[in-house]
Each structure stands twice: as structure tokens, then as C-alpha cells.
């Protein structure tokens, strides 16, 4: 059955559709000996599709997991500085899966991982507006900080949508709150708190869309249910 070439590459070459488009534009993909173009369709079971001169593989089984990332791990599959990576925590997954978005080394909590580029794009791309909720422990004037967080803010010259902010309680001199954002800019919650005069002491992502971290232990992972997968791509 014929499909769009980008979809075939995403399924069989382990790349996102955006990356597949770039490979096609760069002239690295051929169909039956001819250079491919954006918009081309092909039948992977009938046509010869080459990427960089080599046949693309069979359709790879897709895996979708959530990891409770601990502090001290970087959200990459390898690190030139020798730091611990999330790859070490998901070595039991039957395929090589990649992080969907990031959590910085000092943050913890829900990290989605997959080998499905289309799925990753649907979760990360701003147009799909997957909310992300964080539980944040901060010091500073919490009342003033919450008021500032609820006002318009800009990061990197981009106006942010107003987050939902809820005070949960206090832990000594620190305040615990939940912050729900719509974007996913680099270190967004930490930077927003800094702008609001708050210092983040602990930051935990507890949900992405309707998928919640729940009671998954730190450093452990589990497969997403089909219901969870459907909710993230819906």
C-alpha cells in the first residue's frame, strides 16, 4: 500500500517526520533509483527505498514508556562529559527509545520516551498544546510570586500563555505549588519562577496531558497503556 514517504521513513528509519523531510530535501533518499521529492508516495513492500544508499529497514515495533527520572541524570542517550544519562535507566526496554522533551539534570519526574518519531512530535509540538504540570518547592515571597506568575510573561522574546498556579502548602520556610504550562521552552518553569522572585529548590514533573506519574518509583519505568497513548496523540 502506498504511503507518504515521510511516514515510511518515520516508521522504518527511526526519525521524526520533520527529520525525514530534511533527509528528502538534502537528496539522501531515492525511490527505485530516482531522487525522492517532498510529497512523494511509495509502497515499502514493492518499491526500493534507499536512505544514504542503503535500504531502509523493516517497520520497527514501537515502544512507549514513562520514566520517573531522578535528579542527577541528563536527558540524553549519551554524554560527552561522562554524566549519568536516562539511557542507563531504560536498558531493559526491548528497543532503543529516546526522550520526548527534556528535564534538566536537577529536575525529576515524568519523562516520556519512545522510538516513534511521529508520537514524539505530536507530544512536543506547541500546536498540539499538551499541558505539563510540575510540583515545585520554592523559597521567596510565595504570595507575590504566585501573583507574578499569573501575569503575562515573556521568555526569549516569546509571550507565554498564562500558567495555572496552585499553592499546595508549606514545608518549613519553603512553599509547595503546582504549575501547569502549555509550552515547553528550555528550563521554562525555573526561569518563570526566577522572574517571579522565587528560587526553585525542587522541581518534579507530575503529568503530561492526562498522563500522570502516579506512584512510579524514582529510577523506574513502565510501558504506557493504550489509553494513555491514545490520549497523547488525540
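The values are calculated or read from the model by the stated rules, or taken from the named source; none is laboratory data. Small disclaimer: the values here were computed from a predicted structure and weren't measured. Virtual Cβ from ideal backbone geometry, glycine too; neighbours counted across all protein chains shown.
Points to keep in mind about this one:
- Residues within the stretch 1-22 that are at pLDDT 85 or above, within 16 Å of residue 52 (Cβ to Cβ) and surrounded by fewer than 19 Cβ atoms within 10 Å (Cβ to Cβ), tallied: 3
- Against the numbered list (1) more than 30 Å from residue 135 (Cα to Cα); (2) surrounded by fewer than 14 Cβ atoms within 10 Å (Cβ to Cβ); (3) in contact with a helix residue (DSSP H, G or I) (Cβ under 9 Å, 6 or more places away or on another chain); (4) free of Cβ contacts under 8 Å to residues at least 40 places away in the same chain, residue 29 comes up short only at (2).
- Within the stretch 56-83, considering residues that are in contact with a strand residue (DSSP E or B) (Cβ under 7 Å, 6 or more places away or on another chain) and free of Cβ contacts under 8 Å to residues at least 24 places away in the same chain, the one surrounded by the fewest Cβ atoms within 10 Å (Cβ to Cβ): 78
- Selection from the stretch 151-165 of residues that are loosely packed, with under 15 Cβ neighbours inside 10 Å, under 17 Å from residue 132 (Cα atoms) and modelled with pLDDT under 95: 161, 162
- Meets criteria (over 20 Å from the mean Cα position of the chain (by Cα) and either surrounded by 15 or more Cβ atoms within 10 Å (Cβ to Cβ) or modelled with pLDDT of 95 or more (or both)) for residue 36: yes
- Across the stretch 166-183, the qualifying residues are those that are outside any strand (DSSP E or B) and touching a residue at least 24 places away in the same chain (Cβ under 8 Å), and the one among them that is farthest from residue 126 (Cα to Cα) is 173.
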